[in-house]
1. Explain nothing, just the number: dipole magnitude of the stretch 48-88 about its Cα centre with +1 on each Lys and Arg Cβ and -1 on each Asp and Glu Cβ, in debye rounded to the nearest 20.
2. I'd like to compare 10-17, 37-44, 88-95: which one has the highest average count of other Cβ atoms within 10 Å, and what's the full order after that?
3. Once the convex hull of the alpha carbons of the chain is built, what does its volume come to per residue, in cubic angstrom?
4. Over the chain, with every protein chain in place, what whole percent of the accessible area is carbon and sulfur at 1.4 Å, could you tell me?
5. Grab the DSSP H runs of the chain that are 4 residues or longer, score each as -39,500 (n - 2.57), total them, divide by all residues and round the 222 nm result to the nearest 500 deg cm²/dmol.
6. Between residue 6 and residue 44, what FRET efficiency comes out of the Förster formula 1/(1 + (r/R0)^6) with R0 = 25 Å and r the beta carbon distance, rounded to 0.05?
7. Where does the charge balance sit around residue 48 when Lys and Arg score +1, Asp and Glu -1, over other residues with C-beta under 9 Å from its C-beta?
8. How far apart, in nanometres, would the label points at residue 63 and residue 76 be if each is projected 7 angstrom from Cα along the Cα-to-Cβ direction?
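The values are calculated or read from the model by the stated rules, or taken from the named source; none is laboratory data. Computed from a predicted structure; not experimentally measured. Neighbour counts are summed over all protein chains in view; Cβ atoms, including those assigned to glycine, are modelled from backbone coordinates with ideal geometry. Surface accessibility is based on the protein's heavy atoms, side chains included, excluding ligands, DNA and RNA. Shrake-Rupley method; radii C 1.70, N 1.55, O 1.52, S 1.80 Å.
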Amino acid sequence: ALFRAMPNPDGCYLQVWDGPQYTGQFDYINGPRSYPSLRSMPNQRNWQRRIASVRVGPNAVATAFPDENFQGGAFELAARAQFSTLPEIMARRISSLRVQCGEAASGAK
């Protein structure tokens with residue numbers, strides 16, 4: 001059975017695919033939450049080094065890292081950002097994520 005998260009209704013989520021151009025299996029990664037590893041997501045999902053394309057929800061900002069525990073060069077994902085193909089340094093390399101919501105996402109002054 002394929003379990004898939006539902007997107008956070010307040011818009012604080014990432015939608016992720018394991019193929020470029022929003023193809024293949026997809027899922028939602030909800031915030032606000034820090035994921036030191038993507039190996040053991042809710043429902044036993046594993047997105048470790050699988051994410052190839054991403055859409056960021058309207059009320060989320062995320063920071064992605066190529067290594068677990070928020071190590072390696074940080075890659076910022078702005079609210080509403082769309083990456084039909086992630087940059088080579090991050091494509092199928094994301095191993096940990098921080099997802100923030102609300103004022104952090106909207107850039108409130």
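1. Its charge dipole is roughly 220 debye.
2. Descending mean neighbour count gives 10-17, 88-95, 37-44.
3. Measuring per residue, one finds 86 Å³ for the Cα hull of the chain.
4. The nonpolar share, carbon plus sulfur, comes to 49 percent.
5. -500 deg cm²/dmol
6. FRET efficiency, residue 44 to residue 6: 0.95.
7. In short, +2.
8. 1.0
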